[in-house]
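Enquirer: Below you'll find the structure I mean.
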Amino acid sequence: MLEDWQNDIDHFEQNCLNNTSGQMLSEILRFKKLVTQLRHSFNKVFRDQRRLLIACPETYLSAGNRAQLSQAINRLGRLLLEVEEIRQHTSSAYEVYAAALSLEMTRSSNHMNRIMERLAIVTSIFMPLTFIVGVYGMNIPDMPELHFQGFYFALWAVMLSIAGGLLYFFKKLRWY
């Protein structure tokens, strides 16, 4: 049974790298709880058997029975050590899961940061253009520059130079 559990834990560790779903977490935690309960039970039985061996006078147990009880206690001790190893391996599987989840979240966060960076660039380019269009789109007839012949083309030149300058600036900074 303990060998099967060891194989299950190996399976958990291998799947943790590919599958960071909530189901995998619940399986690992369920298994960890089971191993902890088994360890607690083995510990209790082991202590009780040792107390029995120590407390029992030699007159009640023959040398053969005492040797068999001692062997049983030794086997129980080895089982307890194996269960402890499985518990530690289960904890390691949980840590692998947590690391894989952290790595996945970091990748997702980096992707989101790249998207936000691009949106910030677009916003930085269109904000001054929107301001210019907002000011000159107010339809106020007393603006002196509106009466200038060719103002429309000059405004387009200014807006395109702002957009081009910002694109060049961002390109030079290697933001995109």
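The values are calculated or read from the model by the stated rules, or taken from the named source; none is laboratory data. Just so we're clear, the structure is a prediction, and the values are computed from it rather than from any experiment. FYI the Cβ positions are ideal-geometry reconstructions off the backbone, even for glycines, and counts take in every protein chain you see. Protein only, heavy atoms only, side chains kept; ligands, DNA and RNA dropped before computing areas. Shrake-Rupley method; radii C 1.70, N 1.55, O 1.52, S 1.80 Å.
Enquirer: How about the range 126-135: which of its residues are of a type outside the set (Val, Ile, Thr) and open to solvent by 70 Å² or more (accessible area, probe 1.4 Å)?
Expert: Hits for the range 126-135 are Phe126, Met127, Phe131.
Enquirer: A further question follows. For the condition among the acidic types (Asp, Glu) and in contact with a helix residue (DSSP H, G or I) (Cβ under 9 Å, 6 or more places away or on another chain), what is the one hit in Glu82, Glu117, Glu104?
Expert: Glu82
Enquirer: Has the range 7-23 got at least one residue that is of a type in the set (D, E, K, R), exposed (fewer than 12 other Cβ atoms within 10 Å of the Cβ) and modelled with pLDDT of 75 or more?
Expert: no
Enquirer: Determine the pairs where a residue that is of a type in the set (Lys, Arg), located within the range 54-71, has a partner that is open to solvent by 60 Å² or more (accessible area, probe 1.4 Å) and at pLDDT below 70 with Cβ atoms under 9 Å apart, the partner being 6 or more residues away or on another chain.
Expert: Between residues of the range 54-71 that are of a type in the set (Lys, Arg) and residues that are open to solvent by 60 Å² or more (accessible area, probe 1.4 Å) and at pLDDT below 70, the close pairs are Arg66/Glu58.
A quick yes/no check of all residues on (1) more than 30 Å from Ser21 (Cα to Cα); (2) touching a residue at least 12 places away in the same chain (Cβ under 8 Å); (3) aliphatic (A, V, I, L, M):
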{"position": "Leu103", "(1), (2), (3)": "no, no, yes"}
{"position": "Asn113", "(1), (2), (3)": "no, no, no"}
{"position": "Thr123", "(1), (2), (3)": "yes, no, no"}
{"position": "Gly134", "(1), (2), (3)": "yes, no, no"}
{"position": "His147", "(1), (2), (3)": "yes, no, no"}
{"position": "Ala157", "(1), (2), (3)": "yes, no, yes"}
{"position": "Ile162", "(1), (2), (3)": "yes, yes, yes"}
{"position": "Arg174", "(1), (2), (3)": "yes, no, no"}
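Enquirer: For the range 138-176, enumerate the residues that are over 27 Å from Arg118 (Cβ atoms) and not hydrophobic (A, V, I, L, M, F, W, C).
Expert: Passing the criteria: Asn139, Pro141, Asp142, Pro144, Glu145, His147, Gln149, Gly150, Tyr152.
Enquirer: Have a look at Ala67, Ala98 and point out the one that is assigned to a helix (DSSP H, G or I), out of contact with any strand residue (DSSP E or B) (no Cβ under 6 Å at 6 or more places or on another chain) and surrounded by 14 or more Cβ atoms within 10 Å (Cβ to Cβ).
Expert: On the way: Ala67 fails: surrounded by 14 or more Cβ atoms within 10 Å (Cβ to Cβ).
Ala98 is the lone residue from the list that is assigned to a helix (DSSP H, G or I), out of contact with any strand residue (DSSP E or B) (no Cβ under 6 Å at 6 or more places or on another chain) and surrounded by 14 or more Cβ atoms within 10 Å (Cβ to Cβ).
Enquirer: Out of the range 134-176, which residues are in a helix (DSSP H, G or I), out of contact with any helix residue (DSSP H, G or I) (no Cβ under 8 Å at 6 or more places or on another chain) and not small (Gly, Ala, Ser)?
Expert: Val135, Pro144, His147, Tyr152, Phe153, Trp156, Leu160, Tyr168, Phe169, Lys171, Lys172, listed by residue number.
Enquirer: Determine if the range 109-125 includes at least one residue that is over 30 Å from Trp175 (Cβ atoms) and surrounded by 13 or more Cβ atoms within 10 Å (Cβ to Cβ).
Expert: no
Enquirer: OK, next. Quick one: would you say Arg107 is over 21 Å from Ser26 (Cα atoms) and free of Cβ contacts under 8 Å to residues at least 24 places away in the same chain?
Expert: yes
Enquirer: So in the range 162-176, with the set limited to residues that are of a type in the set (A, V, I, L, M, F, W, C) and farther than 20 Å from Phe131 by Cβ, which one is most open to solvent (accessible area, probe 1.4 Å)?
Expert: Trp175
Enquirer: Out of everything in the range 70-95 that is hydroxyl-bearing (Ser, Thr, Tyr) and surrounded by 16 or more Cβ atoms within 10 Å (Cβ to Cβ), what residue ends up being nearest to the chain's Cα centre (by Cα)? Outline the logic, then answer.
Expert: Narrowing the range 70-95 to residues hydroxyl-bearing (Ser, Thr, Tyr): 70, 90-92, 94.
Right, trim to surrounded by 16 or more Cβ atoms within 10 Å (Cβ to Cβ) and you get 90, 94.
Working: Thr90: 17, Tyr94: 11 Å.
Once the filter is applied, the top-ranked residue is Tyr94.
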